[in-house]
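Here is the structure we will look at.
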Amino acid sequence: KLILLIKIAILFLITGLFYGCETTNQESVNDNSENIATFDRNVASIRAFIQGFADEDLEAQMALFSDTALWSPPQYNGNVWVNMEAMREALKYYHDTYDDITFDEGIDLGMGGEKQPAYWGGSVYPSETATDLPNNVRIYGTWRAVHSETGKVIYNKWYGLMFFNADGKIGRFTDWFDVNGMQVQIDAE
């Protein structure tokens, strides 16, 4: 009889632990709703920035940045952050040089798996520095454009980081892609 009581007690203990973990996870998700809303707002801003290329709307793109925003361009420049005037000039160059600019969101691993998401915020690892802050967003995808002068289609894998301030404006932006590879594609026969 004592063994039966111990088994029942262990069963209740295990059930309680599972229930307790489930409640904790649900509470964590509920507590995170403000961060999720902020992340979604930031992703909408990034998509508006991308749409600015399709619309060739430089002013709409620049309106997404704070007055003191800085940019680290994809080509090596000694790791110097530049002001928004430099970014404006770069964006204008792309608007003037390319047509039909589109962005394919996410990462296609090419191994028959599902496409991975384009937008990521926060981290789990390493646990010592993990964060659930929604204002630092990583973006992955592939740009496609038509070179205006030659009509050649170019592609460029892209990775960007956008850091948003409390007002929902982009305060820092850095991106990486093969700048020289665009010219290689244009020059190819």
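Given the whole protein assembly as supplied and a 1.4 Å probe, what does the accessible area of Ile36 come to in Å², nearest 10?
That residue has around 80 Å² of solvent-accessible surface.
Using a 1.4 Å probe, how large is the accessible area of Trp120, given in Å² and rounded to the nearest 10?
Accessible area of Trp120: about 100 Å².
Could you please report the charge total around Lys115, scoring K, R as +1 and D, E as -1 over all other residues with beta-carbon less than 10 angstrom from its beta-carbon?
Working: positive: none; negative: Asp104, Glu105, Asp108, Glu114.
Once positives and negatives cancel, what remains is -4.
Kirkwood Rh over Cα pairs of region 42-111 into Stokes-Einstein at 25 °C, 0.890 mPa s: D in µm²/s?
Stokes-Einstein gives a translational diffusion coefficient of 182 µm²/s.
Run a plain Debye calculation on region 82-189 (Cα atoms as equal point scatterers, no solvent) and give log10 I(q)/I(0) at q = 0.16, 0.17 Å⁻¹, rounded to two decimals, same order as the q list.
-0.90, -0.99
Can you give me the solvent accessible area of Lys152 with a 1.4 Å probe, rounded to the nearest 10 Å²?
60
Could you give the size of the charge dipole of region 34-175 about its Cα centre, using +1 on the Cβ of each K and R and -1 on the Cβ of each D and E, expressed in debye and rounded to the nearest 20? Show your work: numbers first, answer last.
Details: 11 positive and 21 negative charges, 64 e Å.
It comes to approximately 300 debye.
Ignoring ligands, DNA and RNA, how do Ser33, Ser66 rank by accessible area with a 1.4 Å probe, largest first? Present the calculation step by step, with values, prior to reporting the outcome.
On the way: Ser33 70, Ser66 20 Å².
Ranked from most to least accessible, the order is Ser33, Ser66.
The values are calculated or read from the model by the stated rules, or taken from the named source; none is laboratory data. Quick caveat: nothing in here was measured; it's all calculated off a predicted structure. All Cβ positions, glycine included, derive from the backbone under ideal geometry; neighbour counts span all protein chains shown. Surface areas here come from the heavy atoms of the whole protein model, side chains and all, with no ligands, DNA or RNA. Shrake-Rupley method; radii C 1.70, N 1.55, O 1.52, S 1.80 Å.
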